[in-house]
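Encoded as structure tokens, the structure appears first; notes follow it.
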Amino acid sequence: MNKVYIILVNYKRYEDTIECLESVYKSYYNNYQVLLVDNSPDEQSSHQIKEWLENNYKEINTSYPNIVYPLIDRPTSYVSISEYDVLNTNVAYTESLMLIRATNNGFAAANNIALKYIKKIADEHSFIWVLNNDTVIEHNCMGNLAAFFDTNPRKFILGSKLRSYYSPQKIQAVAGRYNRWIGSTYHIGEGEIDHGQYDDFAFGDNNYVIGASMFIPKAFIDIAGLMNESYFLYFEELDWGLVGKQFGYNFALQHNAIIYHKEGASIIKSNNNNMSVADYYSMINRIRFTKKWYGRHIVLVSCSVVFALLKRLFRGKFSLVKKTSIAVFKIFFNRNINFF
């Protein structure tokens, strides 16, 4: 049974993270370690997660009590460590969970902290599972992901079947599709009742594994490298996947690995400013991604972004339009942009 390193990123949503962890710890597959990167701006999330790890939670809110309950009734082994220390150690920690406090430099940067550590200490037979923290996984999910590679070469980026957390019979996505003409993405199967219609889904040239669950052999990061931190938010997983394809990796779906995903909980449940942040990175990264991978489509994608900006201008979002326009200009001329 090969070890699985599970990477979770928490940003001010410790309730989601704890629910996810309870489902992870109920997995039938038991050779794993969780690397939880907390890049929240304060200590509240870390404190609450430690409370859970020390068995001070007696109940949590969940729509999946059959998966999450009974709660773990004993303290969980963990180590709390800073971003600096984890990047500068060669110690292979044996605790079941590493709680890593980090500066918020974006989703890709948070994942890369864990990936750099894994690259140093993991053996070549290990797996890495980049998993969103606003998820609940079925008991056999991790085992089914690992079992895929028992009969397939280790040259795949493996996705899961995502179902809606709030409507569990409905598919949220089995894969993504990228429209290179306008720089947009959408989820395949979204909103459909799951009758197994995508269980034999074959990935085409414009398809990709959704970033909520990316399961890869450890060798992937040795060959393809880390995530591109310049994206900060959105498009980083698509970019990473295309880098992998350049090195001979392909996308695949493990339809028996079922995950219930809230999708963007930290954004949906937050204020208008955070919605503007999401909007900002969604637009500028369409330009960044297209410029890197599909340069001949940059004019059409730019037009689609201009159209999107005009709509926001008519809605009175002047600050968002100004910041986005400046950032797009800088991307075109290879200049560094400021965080939103």
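The values are calculated or read from the model by the stated rules, or taken from the named source; none is laboratory data. Treat the numbers as computed from the prediction; the structure is a model and nothing was measured. We place every Cβ from the backbone using ideal geometry, glycine too, and count neighbours over all the protein chains shown.
Side notes on the structure shown:
- Looking only at segment 144-163, and only at residues there that are in contact with a Phe, Trp or Tyr (Cβ under 7 Å, 6 or more places away or on another chain) and either surrounded by fewer than 19 Cβ atoms within 10 Å (Cβ to Cβ) or of a type in the set (D, E, K, R) (or both), the one that is nearest to Asn250 (Cα to Cα): Lys155
- Every listed requirement among (1) among the polar types (S, T, N, Q); (2) within 19 Å of Trp129 (Cα to Cα); (3) surrounded by fewer than 18 Cβ atoms within 10 Å (Cβ to Cβ) is met by Ser77 save one, (2).
- Per the conditions (1) in contact (Cβ under 8 Å) with a residue 40 or more places away in the chain; (2) within 14 Å of Ser276 (Cα to Cα); (3) of a type in the set (Ser, Thr, Tyr), the sole criterion not satisfied by Ser304 is (2).
- Considering the conditions (1) outside any loop (DSSP other than H, G, I, E, B); (2) over 16 Å from the mean Cα position of the chain (by Cα), Ser167 is excluded by exactly one of them, (1).
Yes or no, residue by residue, for (1) in contact with a strand residue (DSSP E or B) (Cβ under 7 Å, 6 or more places away or on another chain); (2) surrounded by fewer than 22 Cβ atoms within 10 Å (Cβ to Cβ); (3) part of a helix (DSSP H, G or I):
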{"site": "Met1", "(1), (2), (3)": "no, yes, no"}
{"site": "Lys12", "(1), (2), (3)": "no, yes, no"}
{"site": "Glu15", "(1), (2), (3)": "no, yes, yes"}
{"site": "Cys20", "(1), (2), (3)": "yes, no, yes"}
{"site": "Tyr28", "(1), (2), (3)": "no, yes, no"}
{"site": "Asp42", "(1), (2), (3)": "no, yes, no"}
{"site": "Gln48", "(1), (2), (3)": "no, yes, yes"}
{"site": "Glu51", "(1), (2), (3)": "no, yes, yes"}
{"site": "Asn61", "(1), (2), (3)": "no, yes, no"}
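- Of all residues making up segment 172-217, the number that are closer than 21 Å to Val301 by Cα, of a type in the set (D, E, K, R) and in a loop (DSSP other than H, G, I, E, B): 2
- Scanning segment 200-219 for residues that are surrounded by fewer than 21 Cβ atoms within 10 Å (Cβ to Cβ), touching a strand residue (DSSP E or B) at 6+ places or on another chain (Cβ under 7 Å) and under 17 Å from Ile258 (Cβ atoms) returns a single hit, Phe201.
- Cross-chain or 6+ apart pairs with Cβ under 6 Å, segment 87-110 first and part of a helix (DSSP H, G or I), then at pLDDT below 95: Phe107/Leu233; Ala108/Tyr231
- Among (1) in a loop (DSSP other than H, G, I, E, B); (2) without any contact (Cβ under 8 Å) to a residue 40 or more places away in the chain; (3) touching a helix residue (DSSP H, G or I) at 6+ places or on another chain (Cβ under 6 Å); (4) among the hydroxyl-bearing types (Ser, Thr, Tyr) - the single one Tyr57 does not satisfy: (3)
- Residues being more than 21 Å from the chain's Cα centre (by Cα) and small (Gly, Ala, Ser) - total across segment 26-74: 1
- Residue within segment 237-248 that is farther than 17 Å from Leu145 by Cβ and in a loop (DSSP other than H, G, I, E, B) present: yes
- Here Gly316 meets the list (1) within 30 Å of Ser27 (Cβ to Cβ); (2) outside any helix (DSSP H, G or I) almost entirely, failing just condition (1).
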